[in-house]
Amino acid sequence: MVTKTKTYAQRAKDHPNTAAKQLLETIDRKKSNLCVSVDVTRKANFLAIIDLVGPFVCLVKTHIDIIEDFDHDLIEQLQVLSKKHDFLIFEDRKFADIGNTVSLQYSSGVHKIASWSHITNAHPVPGPSIITGLASVGKSLGRGLLLLAEMSTKGSLAVGSYTEDAVKMARAHKDFVMGFIAQQRMDGVGAEGGSGTEEEDFLILTPGVGLDVKGDGMGQQYRTPREVIVESGCDVIIVGRGVYGNPNALDVDGVRRQAERYMKEGWKAYLERIGEQ
Ligand code: 5BU
């Protein structure tokens, strides 16, 4: 487990993927491994939450297709906030089609995801062509792709040999795949004779994180930052409702307080993992 005990800064120094390097540098600079997922449907709420959590996050995760009053100005303002608060942007698009289709979904349409999102993700279910399709758009822009190796939901089918094959696909495309959405470190997974563990550094970004509840009654399962970062060796905690609560009754101080709380818990867990606490 080489990367598990390395610091984010050490990993940033050597990382070959531009987006992964930028993310590791941001984590180190801000001392935050917190990604906030802003799953709200109104532009004003979306931008207000991002401005509130901005100081506490390394990454903001979006589902841009749920915003009802989406317009180009929203993207411009998102980019302004990304510079103001020093965070990267991750559109959680979960691409899952043939290479030609995903390349169009990534570059075109109303949202033009590749033009503003540093990181996006894809299901490995179509096979390696989904990576090459997305890479044909994103690689020259310095973007990074996360493969969905596992999911946080109860009864997920992304387990066992499916997860192993996702890791093998990533190993064959390290120039564009920067890591995984997963529930644990993938070092050694699917590697014959331990190969592939020494020189690779895939980032693990993990949703299903909450401190106060264990689930949401719709299949989501929550673990604590300590379980995720220390026990499972993941790199970034992704928190949505645990931070912003009820978007229709935004509690401004509450959002700030929760973001700071998750940031501190995530960083404390990281320091424990690398043996500095
Ligand atoms: P929550 O409010 O913290 O439950 O939001 C979690 C977010 O992470 C939400 O945007 C999901 O779409 C996303 N997610 C997830 O929860 N579990 C997964 O396995 C994956 C994504 Br992949």
message: Checking Ser161 against (1) polar (S, T, N, Q); (2) part of a loop (DSSP other than H, G, I, E, B); (3) farther than 19 Å from Val38 by Cα: exactly one of these is not met. Which one?
response: (2)
task: State yes or no: is Ala9 surrounded by fewer than 16 Cβ atoms within 10 Å (Cβ to Cβ), of a type in the set (Gly, Ala, Ser) and under 20 Å from the mean Cα position of the chain (by Cα)?
output: yes
field: Filtered residues of the range 148-182 (kept if crowded, with 20+ Cβ neighbours inside 10 Å and either of a type in the set (Phe, Trp, Tyr) or more than 10 Å from the ligand (Cβ to nearest atom) (or both))
entry: Thr163, Ala166, Val167, Ala170, Val177, Met178, Gly179, Phe180
- request: Would you check which residues across the range 258-267 are among the charged types (D, E, K, R) and either closer than 10 Å to Leu52 by Cβ or in contact (Cβ under 8 Å) with a residue 24 or more places away in the chain (or both) and list them?
  value: Glu260, Arg261, Glu265
Candidate set: the range 235-260, residues that are more than 12 Å from the ligand (Cβ to nearest atom) and surrounded by 15 or more Cβ atoms within 10 Å (Cβ to Cβ); chosen: the one farthest from Asp28 (Cα to Cα): Leu250
statement: Being more than 17 Å from the chain's Cα centre (by Cα), away from the ligand (no atom under 14 Å from the Cβ) and under 18 Å from Ala135 (Cβ atoms) narrows Ile98, Ile75 down to just Ile98
query: Within the set of pairs 6+ apart or on separate chains, which have a first residue in the range 11-33 that is in contact (Cβ under 8 Å) with a residue 24 or more places away in the chain, a second that is crowded, with 18+ Cβ neighbours inside 10 Å and basic (Lys, Arg), and C-beta atoms under 6 Å apart?
result: His15/Lys21; Ala19/Arg143; Leu24/Arg11
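Readers should treat all values here as calculations from the given coordinates under stated rules, not as data from a laboratory. Here the structure is a predicted model, which is why all the values come from computation and not from measurement. Counting neighbours? That spans all protein chains shown, and the Cβs are built from the backbone with ideal geometry, glycine included.
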